[in-house]
Amino acid sequence: MTTTLLLARHGQTVWHAENRYAGISDIALTDTGRAQAEALGRWIAAHPVDAVHTSPLSRAVATADPACRVLGLPPQLEPDLRECDFGVVEGRTLAEFEAEDPEWAAAYRADPVAHSFPGAEDPAAAAARGVRALREIAAAHPGGRVLVVAHNTLLRLVLCSLLSIPAREYRRVLPRLRNAAVSELRMHPDGSAALLSLNVPCDPDLP
């Protein structure tokens, strides 16, 4: 039996509003981010799920909270859904890093997997743990519908892995997952996946 995973990036934080890499840093939602989370909760109320799984980082848990409340479901924390560790650029913008090390920044733009930031988590390893998490979630809810709240880079790497897109292309093919927008992924029992929709906003009036 196939399982439907509704993938959502967490709501906006101050760092994301400033285009800073948050990574594993625990950054709270802005007022806009909380509004996005509430919009996701309203959307889920109209499109119920059987379970809610989320990254353990507080911005993801807070984004999942309205959906959990409206359905009376507990959030199930999944450590493997945490965002990638971005090493030396945590809390910084790519432009700031580029001013310091233009050659590395150029190599990163050309291939962000082979030339990830100094001290960063290996993107291939992050993709592997994210794929493992989604497959385990799907196996735990055969034939069900599950909301999964995680992060921009991790989800893009995971989607590339599941859809046989070269990982080095994740920034070009999937330039951005919108905050609290929903992407529908169908997971098959053999571990393969099909993408049914991408970046569908829960409230078109929100950023």
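See the values below:
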| item | result |
| --- | --- |
| Shape metrics for segment 59-107, restricted to C-alpha atoms - Rg then Dmax, Å | 17.3, 51 |
| Bridge type composition, the chain - antiparallel percent by DSSP, nearest 5 | 45 percent |
| If the convex hull is drawn through the Cα atoms of segment 1-111, its volume per residue in Å³ | 120 Å³ |
| Overall form of segment 88-191 per C-alpha gyration tensor (a/c, 1.5; a/b vs b/c) | prolate |
| Most mobile listed residue (Asp111, Asp101, Asp26) in the chain, GNM with C-alpha springs under 10 Å | Asp101 |
| Per residue convex hull volume, Cα atoms of segment 28-76, in Å³ | 54 Å³ |
| Where segment 34-95 is the region considered: accessible area per residue in Å², 1.4 Å probe | 40 Å² |
| Amide hydrogen neighbours beyond the local backbone of Gly144, cut-off 5 Å, H modeled | Thr4 |
| Nitroxide proxy distance, nm - points 7 Å out along Cα→Cβ at Arg69 and Ala17 | 2.0 nm |
| Choice from Phe117, Phe86, Phe97 with maximal GNM fluctuation in the chain (Cα, 10 Å cutoff) | Phe97 |
| ³J(HN,Hα) computed for each position of segment 71-81 - Karplus, 6.51 cos²θ - 1.76 cosθ + 1.60, integer Hz, glycine/proline x | 9, x, 10, x, x, 9, 7, 10, x, 6, 8 |
| Interchain or long-range residues, amide H under 5 Å from Leu198's placed H | Glu184 |
| Per-residue HN-Hα couplings for segment 3-19 [Karplus 6.51, -1.76, 1.60; θ = phi - 60°; Hz; x = Gly/Pro] | 10, 9, 9, 9, 8, 9, 6, 4, x, 5, 10, 4, 5, 5, 4, 9, 6 |
| Extension gain (nm, one decimal) between Glu100 and Val200, 0.36 nm per residue minus Cα-Cα | 32.3 nm |
| Segment 1-100, relative contact order in percent, only Cα pairs under 8 angstrom and at least six apart counted | 33 percent |
| Residues of segment 166-207: accessible area per residue with a 1.4 Å probe, Å² | 56 Å² |
| Net length gained if the chain between Leu163 and Arg176 were fully extended (0.36 nm per residue, minus Cα distance) | 3.0 nm |
| Rounded percent of accessible protein surface that carbon and sulfur make up, segment 2-126, 1.4 Å probe | 54 percent |
| Calculated diffusion of the chain, Stokes-Einstein form, Kirkwood radius summed over Cα pairs, 25 °C and 0.890 mPa s, µm²/s | 144 µm²/s |
| Three-way shape call for segment 132-195 based on the alpha-carbon gyration tensor, with the a/c threshold at 1.5 | oblate |
| Label-reachable residues, segment 47-79, where backbone N falls under 19 Å from a point 7 Å from Ile24's Cα toward its Cβ | 54-61, 77-79 |
| Mean Cα-pair separation over length for the chain, i.e. relative contact order, pairs under 8 Å, 6 or more apart, % | 32 percent |
| Accessible-area ranking of Cys202, Cys68, largest first, probe 1.4 Å | Cys202, Cys68 |
| Span from the segment 76-125 Cα centroid across to the segment 1-72 one, whole angstrom | 22 Å |
| Per-residue HN-Hα couplings for segment 155-169 [Karplus 6.51, -1.76, 1.60; θ = phi - 60°; Hz; x = Gly/Pro] | 5, 5, 4, 5, 4, 4, 4, 5, 9, 6, 9, x, 4, 4, 8 |
| Cβ charges +1 (Lys, Arg) and -1 (Asp, Glu), total dipole of segment 117-207, debye | 160 debye |
| Gyration tensor (Cα) of segment 46-144, equivalent ellipsoid semi-axes in angstrom | 34, 16, 10 |
| Expected 222 nm ellipticity per residue - DSSP helices of 4 or more, -39500 (n - 2.57), all of the chain, to 500 | -12000 deg cm²/dmol |
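The values are calculated or read from the model by the stated rules, or taken from the named source; none is laboratory data. Everything numeric here is computed off the predicted structure, so don't read it as measured data. Cβ: placed from backbone, ideal geometry, glycine included. Neighbour counts: every protein chain shown. Keep in mind that these areas ignore ligands, DNA and RNA; they rest on the heavy atoms of the full protein, side chains included. Shrake-Rupley method; radii C 1.70, N 1.55, O 1.52, S 1.80 Å.
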